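Participant: Here it is: the structure, laid out below.
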Amino acid sequence: MDRIAQCHCGALRITATGAPEWVNACHCKACQRRTGAVVHSGAYFTRSRVTIAGAAKTFARPADSGYRISFHFCPECGSNVYWQAGRFPDHIGIAVGAFADPTFPPPAFSVWEESKHAWLGLGCELERFVQGRTGSPLGKPAA
């Protein structure tokens, strides 16, 4: 199954094949500011299952984990569509909202809940972490 994610104007598109390796929800203040939303949800796919089409601009910064993270956004409309996390170099993270698919798999875990808005309820069972998750996601061996 191919899933298509795209920016608001459609100039930057990503095709991801198959199911994501993992999906998470993040409540950190950096994600809140980056997305303009109270929570961010990201889906991670192995690089070999992702095809990117269209131009992107990049903004890179150190993540709270200590690794570097590079966000890629559309130079036309400014939508942040995908990122590359130094912590997971073999994966591409894609904003779940860019798929615009209400049937997309829910997150398996929620991180940085110390910054979670008190009124926000997550209607699914998931692991919860006050800060970042240590180790690799979903119990996978660390790279």
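The values are calculated or read from the model by the stated rules, or taken from the named source; none is laboratory data. Predicted model, so just to flag it, every value in this text is computed and none were measured. For neighbour counting, all protein chains shown are included, and Cβ atoms are generated from backbone atoms with ideal geometry for every residue, glycine included.
Participant: What do you reckon, is His72 within 15 Å of the chain's Cα centre (by Cα) and of a type outside the set (A, V, I, L, M, F, W, C)?
Facilitator: Numbers: within 15 Å of the chain's Cα centre (by Cα): yes; of a type outside the set (A, V, I, L, M, F, W, C): yes.
Criteria met by His72.
Participant: Can you say whether Ala37 is small (Gly, Ala, Ser) and at pLDDT 95 or above, as far as the supplied structure shows? If you could, list the steps in order and put the result at the bottom.
Facilitator: On the way: small (Gly, Ala, Ser): yes; at pLDDT 95 or above: no.
When the stated conditions are applied, Ala37 does not pass them.
Participant: How many of the residues making up the range 40-67 are hydrophobic (A, V, I, L, M, F, W, C) and either modelled with pLDDT under 85 or in contact with a helix residue (DSSP H, G or I) (Cβ under 7 Å, 6 or more places away or on another chain) (or both)?
Facilitator: Residues of the range 40-67 hydrophobic (A, V, I, L, M, F, W, C): 43, 45, 50, 52-53, 55-56, 59-60, 63.
Now drop any that are not either modelled with pLDDT under 85 or in contact with a helix residue (DSSP H, G or I) (Cβ under 7 Å, 6 or more places away or on another chain) (or both), which leaves 43, 63.
Residues meeting the conditions: 2.
Participant: Do you know which residues across the range 61-92 are among the hydrophobic types (A, V, I, L, M, F, W, C), more than 17 Å from Asn24 (Cβ to Cβ) and in a strand (DSSP E or B)? Walk me through how you get there before you give the answer.
Facilitator: Quick first cut of the range 61-92, residues among the hydrophobic types (A, V, I, L, M, F, W, C) only: 63, 69, 71, 73-74, 77, 81, 83, 85, 88, 92.
Applying the additional criterion that residues be more than 17 Å from Asn24 (Cβ to Cβ) yields 73-74, 77.
The one that is among the hydrophobic types (A, V, I, L, M, F, W, C), more than 17 Å from Asn24 (Cβ to Cβ) and in a strand (DSSP E or B): Phe73.
Participant: Starting from the range 24-39, keep only residues that are more than 17 Å from Ala60 (Cβ to Cβ) and of a type in the set (S, T, N, Q), then list their pairs with residues that are assigned to a loop (DSSP other than H, G, I, E, B) and at pLDDT 85 or above whose Cβ atoms are within a distance under 7 Å, requiring at least 6 positions of separation or different chains.
Facilitator: From the range 24-39, the pairs are Asn24/Pro107; Asn24/Ala108.
Participant: Can you tell me how many residues within the range 10-56 are in a loop (DSSP other than H, G, I, E, B) and of a type in the set (Lys, Arg)? Let's see the steps before the verdict.
Facilitator: From the range 10-56, those in a loop (DSSP other than H, G, I, E, B) are 10-12, 18-21, 27-28, 36-39, 54-56; that's our starting set.
Adding the requirement that they be of a type in the set (Lys, Arg) leaves none.
Adding up the residues that qualify gives 0.
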